Amino acid sequence: MRKKFASKTWLSTVALWGSAALLVALLPIAFRSGFMLTLLSEIGIMVIFALSYNMLLGQTGLLSFGHAVYFGLGGFITMHALNFVNDGVLPLPLELLPVVGGLGGLIFGIVFGYVSTRRAGTPFALISLGIGELIAASSLMLPSFFGGEQGISGDRMAEITLTPFGFGQKIEVYYLIAFWMLASAGLMYLLTQTPLGRVANAVRDNPERASFVGYNAHIVRTIQCSLAAFFAGIAGGLFAISYEIVTSEIVGAIPSGNVLMMTYIGGTGFFFGPILGAILITLMELMLAHVTHAWVLYYGLMFIAMILWVPGGMASLIMMHKPLIKGRVMGGVLKAYAVMAGPVIILFMGCMSLIEILYHLSLSIKPEDPMSLFGIEFYVQSLAPWVISLALTIGGFLLFLKNRQVVSRAWQSAANQIKQKESAS
Amino acid sequence: MKGNDMVEYIVFSLLNGLLYGMLLFMLSSGLTLIFSMMGVLNFAHASFYMLGAYFAFQISAWVGFWPALIVAPLLIGVLGALVERFGLRTVHKYGHVAELLFTVGLAFLIEEAVILIWGRNAMDYRVPELLDVPLLTLWATDFSMYRGFMLLVAVCMFVALFLVLTRTRIGLIIQAALTHPQGVSTLGHNVPAVFMLVFGGGCALAGMAGVIGGNYFLTDPGMARMLGPIVFVVVVVGGMGSLTGAFVASLLLGTIQTFAVGLEVSLTDLFALFGASPDFESGILKDLFRIQISHTGPILPYVFMVLMLIFRPKGLMGTRET
Amino acid sequence: MTQAALELIDIHKSFGKTKIINGVDLSVQNGERHAIIGPNGAGKSTLFNLISGFYEVSSGQIRLRGQAITNRTPHQINRLGLSRSFQVTNIFPRMSVFENIRCALLWPLKYKYSFWHHCGSRKRLNQQTDALLEKINMADRRNIAAGELAYAEQRALEIGITIAGGADVVLLDEPTAGMSHSETDRAVELIRSVTENKTLVVVEHDMSVVFNLADRISVLVYGEIIASDTPDNIRNNRQVQEAYLGEEVA
């Protein structure tokens, strides 16, 4: 009986990963443009980076403000390796260069990990911040490694490759990234199923108890940190190959903060959470940034909203519905969502308009020029756009207040239905 | 450097370092109080400093500097109290990590809001004309009256803080919470109200630092990002929970950084003093030897912080580790 | 002369100026069931914390089967065969009941920090975990998150985690605290069955549990052991009656 159960989950796991691999392989056929390939490549890199970050945050309970150190150093090491390959000094094929970045990340992960993980919580967070700022500030002082202001560049059309690809074309780079993304994600998933992965969870939940079952929490954290740094280094290496240039920005506070926020928004409690976060935030970054200055503000608002009201992230929002789907009682809840959608959309539109108008006023060179929103052109000087935006915002908010019981009532009745079904069976 | 130049350099570095240190203390004292009382490391603390500068700039533009000096910190204090009441309190039940992340998000948002309202360029927030005169002139350089004013405000604030903490009832409660936060709540004091007061007060202090520092240094959207980490260093090095430690660390860090910035000496120069000239072809060693002390200014605080956290997490004078 | 399983030799512990443990000598034999009783604040939990390495002693020695374990770290002491439970439930709340027990088996089964074994397919590991779950009657709660268990169930899990690793010296800190009468009876049965052939040191306030379970009892008052004897002698000891038991005994 138990063997059957085990093979059923094994089969569904294989099916899940298999379909993910298939999807990843087929995506560029659907989306051929240069922009889409760049977007997909960037998503692939960020997925590895965010998953590696969650090895620390979600699985071991370590909040790091300096994870980009391993990403960046991995990128720089890979770039130097690439240049060595092209100079004929290092006989490595391009496809394996991300591993070089990973190994670089691993070494720094061991060193920094060991000194910083004796305590978790705030001390660890601060040390990670300090180390991050140290490395970022050192980057200008060591130009031979970091390349100073211009950074280090290289040619990804390397002399030695394993496959017949030349890696000049974006789609070839995409497949390289896709391969490493699937491999890294798969390995990181398997890691969660190992003794180390389990004990890391225990150390996260209760480090005191973990030591009273025989584990040195410091060593557990150091190993997790090292492995996380390894994968972050791979992501950095892919970044270097993809963009053919690395500058000191990639070790700094901005990518560190970015991966923190995207992992948290995606959800730290589930393995796929960071994947969601990486996809969403990268999409926002690359697609919205052209459209509006305000995307950074929206990003920040989304982050704070998650912290205040959905600390488990988007993944927890989705998984929350699992018992409803299993019990086949989603219908009522879906109807409630439909009812709420109206007020929420109106509220969003109102707020967005106000924000966009304000940005236009403060950031554009000539505020008197017309701005366009949702395809409509208007002047911020006139009264109409202000009135409309305010009306939408206030109206949406009032409608929201009036209807907010709808969702909680639907959930309540769905929960009751499930209870009834359980007691009946 | 010639003898006279050397003395001048030392004196001015000391004065400037002292000033910078006092500013750091205004910031770190609020942070220490908040951290000790509530266990929250307020990542957005330097953001309230920035808001203080911007509010003061705006109010100065409307009614002048002197009203701004009083009104801006009060506004910031109220804002801080609201943030505590509606933000931190909601997140408190999710644990320390969530509280820390909330303040990170807050810092992010405040920076964006500032850009939204005032734009990306630095604001022309000026020293009031009344004080823009030299107080004393040492050697060839002026020491402006405004610097003296800044010192005065900082000292007054320090004295006021000291009096509140040692002579008032609320101050005694806060002192107790600095070292034994759990004990305070079991004694039956209205802890949420005290939290709101302390958070608001700490932010008001930061805001005040912004009011007097913003027109002296630069007022632009990046000021929080630049100063924030240094304030953490001060709190860590001085010792979590120790106001005196924060004071000592502020002055120490302020003076060391100010001194370092003027010393254009590198290891190569040092070796040259002894007649040796190490020659590296290229690479990291060569870079290391050419680093001038003046370049290390930005990283010195972090070196201190990391070393301190590794070897002596209690800091110089702290009584608690977390 | 057989070696004592656990020996405390002239233990002193102060926190700053406050002296909590004031010269404690204790010797527990192999296979013995030893109870430590005493008024609140006497230092019982402190004693456990000292033995298990959570606190450092101010002076004195602790020996486990003759080996010095004074001031060693908790994980080192645990690896030498001593395990403890906690007064305030100390489990892994976000992990399932099954995972909680399995974690306690990882080091004893020599997996150490392995990141190349797949836990799900390790037969012996999973079988032993299931066997333990049966033993503590939690097999039907296997997949529930430990944080969602009822209080008494959490206490049972706590005991399960403590004995899972097969440590032969077991310290239980107020295992029946907060339990109802029937829950306590069940807990005592559980403790009796899981500590067969092991050395047990238990801190308790419930006198019926103590007199039911213990071979010998030590009485700790203000950081000193005022008596250490068989249950009957303790019951009749005047000093103990004055300091702790009162005229009647449960």
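The values are calculated or read from the model by the stated rules, or taken from the named source; none is laboratory data. Because the structure is predicted, anything quoted here is derived from the model rather than measured. Please note: Cβ atoms are built from the backbone with ideal geometry, for glycine as well, and neighbour counts cover all protein chains shown.
Quick notes on this structure:
- Only one of B:ILE70, B:ILE76, B:ILE115 that is farther than 26 Å from A:PRO123 by Cα, among the hydrophobic types (A, V, I, L, M, F, W, C) and within 12 Å of chain A (Cβ to nearest Cβ): B:ILE115
- For region A:93-106, a residue qualifies if it is of a type in the set (A, V, I, L, M, F, W, C) and either surrounded by fewer than 17 Cβ atoms within 10 Å (Cβ to Cβ) or within 14 Å of another protein chain (Cβ to nearest Cβ) (or both), and the qualifying residues are A:LEU96, A:LEU106.
- Filter result (part of a loop (DSSP other than H, G, I, E, B), closer than 23 Å to C:LEU133 by Cα and in contact (Cβ under 8 Å) with a residue 12 or more places away in the chain) within region C:181-214: C:THR195, C:ASN197, C:LYS198
- Considering region C:80-130, and only residues there that are among the polar types (S, T, N, Q) and touching an Asp or Glu at 6+ places or on another chain (Cβ under 6 Å), the residue that is surrounded by the most Cβ atoms within 10 Å (Cβ to Cβ) turns out to be C:SER85.
- In region C:220-243, the count of residues that are assigned to a loop (DSSP other than H, G, I, E, B), in contact with a helix residue (DSSP H, G or I) (Cβ under 7 Å, 6 or more places away or on another chain), of a type outside the set (Val, Ile, Thr) and touching a residue at least 12 places away in the same chain (Cβ under 8 Å) is zero.
- Meets criteria (under 24 Å from C:LEU80 (Cβ atoms) and not hydrophobic (A, V, I, L, M, F, W, C)) for A:THR192: no
- Residues located in region A:261-290, provided they are surrounded by fewer than 23 Cβ atoms within 10 Å (Cβ to Cβ) and among the aromatic types (Phe, Trp, Tyr): A:PHE270, A:PHE271, A:PHE272
- Taking every residue in region A:23-41 that is within 17 Å of A:GLU244 (Cα to Cα) and pairing it with any residue that is surrounded by 12 or more Cβ atoms within 10 Å (Cβ to Cβ) and of a type in the set (D, E, K, R), at least 6 positions away or on another chain, the pairs with Cβ-Cβ distances below 9 Å are A:GLY34/A:LYS170; A:LEU37/A:LYS170; A:THR38/A:LYS170; A:SER41/A:LYS170.
- Sole exception among (1) more than 20 Å from A:ILE135 (Cα to Cα); (2) aliphatic (A, V, I, L, M); (3) buried (at least 23 other Cβ atoms within 10 Å of the Cβ) for A:ILE29, by number: (3)
- Near pairs, Cβ below 7 angstrom, 6+ apart or cross-chain, from region C:101-120 (closer than 17 Å to A:ILE219 by Cα and modelled with pLDDT of 95 or more) to any residue that is among the aromatic types (Phe, Trp, Tyr) and part of a helix (DSSP H, G or I): none
Okay, residues lined up against (1) of a type in the set (D, E, K, R); (2) within 14 Å of chain C (Cβ to nearest Cβ):
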{"position": "A:PRO143", "(1), (2)": "no, no"}
{"position": "A:GLY148", "(1), (2)": "no, no"}
{"position": "A:GLU172", "(1), (2)": "yes, no"}
{"position": "A:LEU176", "(1), (2)": "no, no"}
{"position": "A:MET188", "(1), (2)": "no, yes"}
{"position": "A:ALA202", "(1), (2)": "no, yes"}
{"position": "A:ILE219", "(1), (2)": "no, yes"}
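- The set of residues from region A:414-425 being at pLDDT 75 or above and surrounded by fewer than 13 Cβ atoms within 10 Å (Cβ to Cβ) comprises A:ASN416, A:LYS419, A:GLN420, A:LYS421, A:GLU422, A:SER423, A:ALA424.
- Residue within region A:246-255 that is within 14 Å of another protein chain (Cβ to nearest Cβ), small (Gly, Ala, Ser) and free of Cβ contacts under 8 Å to residues at least 24 places away in the same chain present: no
- Selection over region C:52-62 of residues that are surrounded by fewer than 19 Cβ atoms within 10 Å (Cβ to Cβ) and within 11 Å of chain A (Cβ to nearest Cβ) gives a count of 1.
- Qualifying residue in region C:63-78 (condition: in contact with a Leu (Cβ under 9 Å, 6 or more places away or on another chain) and at the interface with chain A (Cβ under 10 Å from one of its Cβ atoms)): yes
- Restricting A:ILE131, A:ILE110 to those that are outside any loop (DSSP other than H, G, I, E, B), buried (at least 18 other Cβ atoms within 10 Å of the Cβ) and within 14 Å of another protein chain (Cβ to nearest Cβ) reduces the list to A:ILE131.
- Those helices (runs of 4 or more DSSP H) lying entirely in region C:50-160 with at least 3 residues over 17 Å from the mean Cα position of the chain (by Cα): C:97-106, C:123-135
- Test: residue in region A:38-45 that is modelled with pLDDT under 90 and crowded, with 16+ Cβ neighbours inside 10 Å: no
- Conditions (1) away from chain B (no Cβ under 14 Å); (2) under 14 Å from the mean Cα position of the chain (by Cα); (3) at positive phi; number of the one not met by A:GLY267: (1)
- Conditions (1) surrounded by 15 or more Cβ atoms within 10 Å (Cβ to Cβ); (2) closer than 17 Å to C:ILE217 by Cβ; (3) at pLDDT 90 or above; number of the one not met by C:GLY38: (3)
- Residues of region B:297-312 that are of a type in the set (Phe, Trp, Tyr) and without any contact (Cβ under 8 Å) to a residue 24 or more places away in the chain: B:PHE311 alone.
- Leading residue by the ranking (surrounded by the fewest Cβ atoms within 10 Å (Cβ to Cβ)) among those in region A:218-241 that are touching a residue at least 24 places away in the same chain (Cβ under 8 Å) and farther than 24 Å from A:GLU42 by Cα: A:HIS218
- Filter result for A:LEU196 (within 21 Å of A:PHE49 (Cα to Cα), outside any loop (DSSP other than H, G, I, E, B), within 14 Å of chain C (Cβ to nearest Cβ) and touching a Gly at 6+ places or on another chain (Cβ under 9 Å)): no
- Wholly enclosed helices (runs of 4 or more DSSP H) of region A:227-344 bearing at least 2 residues over 30 Å from A:ALA202 (Cα atoms) and at pLDDT 90 or above: A:273-283, A:295-309
- Test: residue in region C:7-26 that is in a loop (DSSP other than H, G, I, E, B), more than 10 Å from chain A (Cβ to nearest Cβ) and touching a residue at least 12 places away in the same chain (Cβ under 8 Å): no
- Criterion violated by B:SER47 - all others in (1) under 24 Å from B:GLY222 (Cβ atoms); (2) touching a residue at least 60 places away in the same chain (Cβ under 8 Å); (3) away from every other protein chain (no Cβ under 14 Å); (4) assigned to a helix (DSSP H, G or I) satisfied: (3)
- For B:MET226: the one exception among (1) over 19 Å from B:LEU300 (Cα atoms); (2) at pLDDT below 90: (1)
- Tally of residues being part of a helix (DSSP H, G or I) and at the interface with another protein chain (Cβ under 9 Å from one of its Cβ atoms) across region A:204-217: 7
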